[in-house]
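Everything on this sheet refers to the single structure shown next.
The values are calculated or read from the model by the stated rules, or taken from the named source; none is laboratory data. Owing to the predicted nature of the structure, the values given are computational and were not obtained by experimental measurement. Don't worry about glycine lacking a Cβ; one is built from the backbone with ideal geometry, like all the others, and counts go over all protein chains shown. When the accessible area is computed, the model is the full protein with side chains, heavy atoms only, and any ligands, DNA or RNA have been set aside. Shrake-Rupley method; radii C 1.70, N 1.55, O 1.52, S 1.80 Å.
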Amino acid sequence: MIHVILLAAGYSSRFGSNKLLHIVDGTPMYRHALETAEQFRQLYCCEPVRLIFVTAYDDIGKQLREKDGFCLFGAAKAGNTAGRDLVVMNPNSGLGISHSIALGVKAAGADRFREDDSLMFMVCDQPWLTPGDLLNLAACFKRSGKSIGCMAYGEQTGNPVLFSAVYREELLGLRGDTGGKAIVRRHPKEVCLCPVSNPRALEDMDELQ
């Protein structure tokens, strides 16, 4: 199974407002990421795909539950959530992106991963990322036989990044604003670079301000 963990808990301090709600082509930016991940799931036929959305914003969490059918992770009334899409609330986003990563890994079931499970981390401020980019990342990752897949345009690398479940402890061990790229740098021989045809796919909204 691929657990697609969408990270949407940052303060958007460089952007000046909650960029996740910023309208891009008529749609709130966080929903671009959600729709891209959902279309990827519909198109990808090699293994099951599960979505896990980590956010600090109550209104986003509410919409994911009421409109998109996500279960609230940790809710007493949620019952058995195995394999279901989850929304994970992060009330401590000031602890940095590492805290959101850890919450996502724990929600995916860090103690129950199978050897062939993987974790794809997406940020929600890349509105020009396409389902085709995600399909290419997953395909390159599988073909390579390596344990990390990273989007790239030439020498420029970016998100999403796909990790084998063998990195669960390293992901849980990140601290502060250190993200998964630290693990990518730590294991260069295990990294498969997956090219995107359009460099705009790697752009985030901070870069455009």
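Within segment 44-64, the set of residues being among the aliphatic types (A, V, I, L, M) and in a loop (DSSP other than H, G, I, E, B) comprises 56 only. Residues of segment 104-124 that are open to solvent by 10 Å² or more (accessible area, probe 1.4 Å) and closer than 19 Å to residue 20 by Cα: 121, 123. Restricting attention to segment 128-157, the residues that are modelled with pLDDT under 90 and crowded, with 19+ Cβ neighbours inside 10 Å add up to 0. With (1) outside any helix (DSSP H, G or I); (2) farther than 27 Å from residue 96 by Cβ; (3) in contact (Cβ under 8 Å) with a residue 12 or more places away in the chain as the list, and residue 41 as the residue in question, which single condition is left unmet? Failed condition: (1).
In segment 161-187, the residue that is farthest from residue 94 (Cα to Cα) out of those that are touching a Leu at 6+ places or on another chain (Cβ under 9 Å) and in a helix (DSSP H, G or I) is 165. Residues in segment 32-70 that are farther than 14 Å from residue 86 by Cβ and open to solvent by less than 50 Å² (accessible area, probe 1.4 Å): 32, 33, 36, 40, 44, 47, 56, 57.
Inside segment 1-31, residues that are modelled with pLDDT under 90, of a type in the set (Val, Ile, Thr) and open to solvent by less than 20 Å² (accessible area, probe 1.4 Å) make up a count of 1.
Outside any loop (DSSP other than H, G, I, E, B), within 19 Å of residue 195 (Cβ to Cβ) and more than 15 Å from the chain's Cα centre (by Cα): is that true of residue 132 in this structure?
Details: outside any loop (DSSP other than H, G, I, E, B): yes; within 19 Å of residue 195 (Cβ to Cβ): yes; more than 15 Å from the chain's Cα centre (by Cα): yes.
Yes; evaluated as a whole, the condition is true for this residue.
With the requirement that a residue be open to solvent by 20 Å² or more (accessible area, probe 1.4 Å) and farther than 15 Å from residue 119 by Cβ, what does segment 158-189 give you? 175, 176, 177, 178, 185, 186, 188, 189, listed by residue number. Residue check: residue 139 meets all listed conditions (1) within 16 Å of residue 41 (Cα to Cα); (2) within 16 Å of the chain's Cα centre (by Cα) but one, namely (2).
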